[in-house]
Amino acid sequence: MPSLKDGKRIVAELSTGADFESLAREQSTDPYSAEAGGKIGFLFYGNTLYPEEMWEEVKGVKAGKWSNVFQWGEEYAIVYVHQIEKGTSYSLKEVSGYIERKLAKEVRSSPVSVGMFYDEFDVQTFYDQKR
């Protein structure tokens, strides 16, 4: 929305029972989220694609509620929280195998072939001998 005044008006409408999805379709200046009824998908806390101001505003918002109006770039926004999922933490021991495989794939960008091992270990075969 273009102004803080517009944002406050929308929060007032939400407070009296207006539907967030309908208001987003009508009032949002972001074509992507407006078309989706204000839905921007699953977000994980701290995702750097979204401004720090947004994370500060949604920090204490409960599921089924909306944030205060906050500045987002040149415009203003309101975030509706549909649901909150608890995160899962893993120990290094639990994920070390995954990390090793991921790093191995990144290091080895070209496909592995038998010829690479022959070159690396200076393997001679029957077919390499001159006749």
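For Asp6 and Ala63, what does the FRET efficiency come to when R0 = 22 Å and r is the distance between their Cβ atoms, rounded to the nearest 0.05?
Efficiency, from the Cβ-Cβ distance: 0.30.
Lys65's amide H: which non-local residues (gap 5+, or another chain) put their own amide H closer than 5 Å, with H modeled 1.01 Å from N in plane and none for Pro or chain starts?
Sorted by chain and number, the residues that satisfy this are Val81.
Among Ser28, Ser91, Ser15, which one shows the biggest mean-square fluctuation in a GNM of the chain, springs joining Cα atoms closer than 10 Å?
Of Ser28, Ser91, Ser15, the most mobile in the Gaussian network model is Ser91.
Could you grab the relative contact order for the chain? Cα pairs under 8 Å, six or more apart, rounded to a whole percent.
Relative contact order of the chain: 19 percent.
Looking at the chain as a GNM with Cα springs under 10 Å, which of Phe44, Phe20, Phe117 has the largest mean-square fluctuation?
Phe117
Classify region 18-79 as rounded, prolate or oblate from the Cα gyration tensor: take a ≥ b ≥ c as the square roots of its eigenvalues, call it rounded if a/c is under 1.5, otherwise prolate when a/b beats b/c and oblate if not. Walk me through the numbers before you get to the answer.
Working: a/c = 1.56, a/b = 1.31, b/c = 1.19.
Here region 18-79 falls in the prolate category.
Bin by bin, in steps of 10 Å, what percent of the Cα pairs in the chain do you find, going until the bin that has the longest distance?
10, 28, 18, 11, 12, 8, 7, 4, 1, 0
First compute the accessible area of the chain with a 1.4 Å probe, then give the percent of it belonging to carbon and sulfur atoms. Kindly include the intermediate steps, with their values, before the conclusion.
Values: 5780 of 10670 Å².
Of the solvent-accessible surface of the chain, carbon and sulfur hold 54 percent.
What spacing in nm lies between the two simple spin-label points modelled at Phe44 and Gln83, each 7 Å away from Cα in the Cβ direction?
Going from the Phe44 label point to the Gln83 one covers 1.8 nm.
Quote the accessible area belonging to Glu53 in square angstrom, nearest 10, computed with a 1.4 Å probe and with ligands, DNA and RNA left uncounted.
100
Can you compute the helix-only [θ] at 222 nm over the chain? Use -39500 (n - 2.57) per DSSP H run of at least 4 residues, normalise by all residues, nearest 500 deg cm²/dmol.
After summing the helix terms and dividing by the residues of the chain, the value is -12000 deg cm²/dmol.
The values are calculated or read from the model by the stated rules, or taken from the named source; none is laboratory data. Quantities reported herein were computed from a predicted structural model and do not represent experimental measurements. When we count neighbours, we look across all protein chains shown, and the Cβ atoms used for this are built from the backbone with ideal geometry, even at glycine. Surface areas here come from the heavy atoms of the whole protein model, side chains and all, with no ligands, DNA or RNA. Shrake-Rupley method; radii C 1.70, N 1.55, O 1.52, S 1.80 Å.
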